[in-house]
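Below you'll find the structure I mean.
Bear in mind these aren't lab numbers, they're just calculated from the coordinates by the rules spelled out. Nothing here was measured: the structure is a model prediction, and the numbers come from that model. Cβ placement follows ideal geometry from the backbone for every residue including glycine, while neighbour counts extend to all protein chains displayed.
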Amino acid sequence: MSSNSPLSFGERLAMLAAERGTSIGLVYLAADGTETRYSWRDMDGMVNRYARVLAAHGVKQGDVVAFALKNSPAHIFTVLGIWRLGATTMGFDPKVPEATKTALLARVEARLCIQENAQAGFLDRARLEALAQRESDAAVPNMVSHPGKILMSGGSTGLPKLMADDQPYLRIPGRTWGNVAPALGFRTDQVNLTCAAMSHNAPLTWTQNGIFEGNTTILMERFDALGVIRAVDRYKVGFLLTVPTMLVRMLDVWPGSGASFASLHALYHTAAPCPAWLKQAWMDILGPERVFEMYGSGESTGQTVITGPEWLEHRGSVGRGFETQIRIRDEAGTILGPHQVGEVFMRPDDLSGRSRYLGKDAPQPRRDADGFQSVGDAGWLDEDGYLYLTGRRDDVINSGGHKIPPERVEAALLRHPDIVDATVFGVDDRDWGQAAMALVTRREGADPLVPEQVLAFLRQHLEPSDLPKVLREEPNLPRDGFGKIRRKALQAQENARLSAAGKA
């Protein structure tokens, strides 16, 4: 078979196992400090074992297999085992509420659900691992999944939307994700480090892309800032996927770490807006040529890409459309010109991979007459076509008629030397309609935060009208495994508390 022929992920792994044998393909770094190594031949054999377990539970081509697993070798082998059988994956956060999980499984008529803990009707990870050890590692025929994955929207409240495309799940070696991957510094035959939770699509995608391309994968059980920094040097990592909350924590422990990051050619961040000061700090450490960013969505509306040097010329931008066209529209649907803020609509050049929403009552994507689609983000374009995001349309705080993007306030809060995490949202207020509320977590070992002092610090970076009217310290903020926080859920919780107290 030609190396230019599309292959399934199962076919590609079998090919790599035959070519590379006992060379190391996967290194798992457990939270307790232990390390487990798997050769390419080991990985292929384990995927065969897992595929046999899944088949024994009735999984066949075309079925949906759901899983809520933490980072582990079992996660990787499960996903590849599902694809080897030609089935479809649906991963979700292990912390998802039981009612939500049950509803999602029913919507896709999942054949099987695998999770961390034992529960009637589910296959737990320990049982899966034990059953796999009893199975043969002899080759299992590789089928083609159609589609490969079902994704979830990042909805803040209610049942998440489910999305999938209609394409056979095949890739061409060297072109796992078309031209986008190399534009982000992703290479073949490099070392990838996965430190974000693979229960989210981006870490899962880039981990599996790396395996497909023959990259050695360093997988961390969970994110640890100093552990990541040390692992980059120890394993000569070339490609590292992060989100801004991780970059903040890594920056805090960088001084005195003794790390060089000499091997790293791509620090790629995504998933949330990155404060300008934070991005600049990492470019000062690495040089702009090694910092990359992409903006996109699970709906496959298209994407933007920006390199460090480009960002220095268009500070604050998330880049130009990459094989994607962008329009900005106002509430009436009028297309806006440069520097005018509105709703972001995008259309990829290749429409074949666009996702559709699943379910008989699923909403239709918001598209204009020309096929440009919105996922609810707001922003503007400059004269050169670079996109600048101003936040989610439904997250903007309307306080006394003044519109406050919460990301702007969060970025300023994270500049405070004693604040390591922050989120901002609007709560009901009799006088202002909405008041900006900030929840913050202080650095370990720091003195308790004094709100008046924090506000004095913020005045150096924000307009008076943007200052939060309520500031409260929390020991931890409820972020998911990919660093995202659901503002709407926190907003509803705080509004209910204020209402019960008679303050709203």
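Using every alpha carbon pair in region 67-223, what percent of pairs falls into each 5 Å bin from 0 up to the bin containing the largest distance?
Bin by bin from 0 Å, the calculated values are 2, 8, 16, 21, 22, 18, 9, 4, 1, 0.
Quote the relative contact order of the chain in percent (integer), defining contacts as alpha-carbon pairs under 8 Å separated by 6+ residues.
Worked out over the chain, it gives 11 percent.
Expressed as a fraction of 2.2 N^0.38 Å, the rule-of-thumb size for a compact globular protein of N residues, what is the C-alpha radius of gyration of region 431-489?
So region 431-489 has a normalised radius of gyration of 1.27.
How big is the gap, in Å, between the Cα center of region 136-201 and the Cα center of region 19-85?
Value for the Cα centre distance between the two parts: 14 Å.
Run the quick spin-label model on E35 and D368: label points 7 Å from Cα toward the beta carbon, then report their separation in nm to one decimal.
5.3 nm
If you don't mind, there's one more thing I want to ask. According to the square roots a ≥ b ≥ c of the eigenvalues of the Cα gyration tensor, what is the shape class of region 397-500, taking rounded for a/c under 1.5, prolate for a/b larger than b/c otherwise, and oblate for the remainder?
Note, shape of region 397-500 comes out oblate.
Taking Cα centroids, how far is region 253-287 from region 424-473 in Å?
Region 253-287 and region 424-473 have Cα centres separated by 27 Å.
Also, I was wondering about something else. Note down the relative contact order for region 397-502 as a percent, whole number, built from C-alpha pairs under 8 angstrom at least six residues apart.
Computed value for region 397-502: 27 percent relative contact order.
Choose one of T89, P147, L69: the residue whose Cα lies farthest towards the positive end of the charge dipole of region 36-170 (beta-carbon charges +1 Lys, Arg; -1 Asp, Glu; about the Cα centre).
The one lying farthest along the dipole's positive direction is L69.
At a Förster radius of 51 Å, what calculated FRET efficiency corresponds to the Cβ-Cβ distance of D431 and Q325, to the nearest 0.05?
0.70
Next question, about the same structure. Do the sum for the chain: with -39,500 (n - 2.57) for every DSSP H run of n ≥ 4, divided by all residues, what is the mean residue ellipticity at 222 nm, to the nearest 500 deg cm²/dmol?
-8500 deg cm²/dmol
Can you compute the label reach from D382? Point 7 Å from Cα along the Cβ direction, backbone N cut-off under 11 Å, restricted to region 299-330.
310-320
Can I ask one more? Testing the spin-label approximation: label points 7 Å from Cα along Cα→Cβ at E313 and E474. State their distance in nm.
Result: 4.1 nm between the two label points.
Under a straight-distance cross-link criterion of Cα-Cα below 28 Å, which lysines are reachable from K70, leaving out those fewer than 8 residues away in the same chain?
Here the lysines satisfying the reach criterion relative to K70 are K60, K95, K101, K149, K161, K236, K484, K488.
Compute the normalised compactness of region 1-114: alpha-carbon radius of gyration over 2.2 N^0.38 Å, N being the residue count.
The reported ratio for this selection is 1.17.
A follow-up question, please. Rounded to two decimals, what ratio of Rg to Rh does the chain give with C-alpha atoms and a Kirkwood Rh?
0.96
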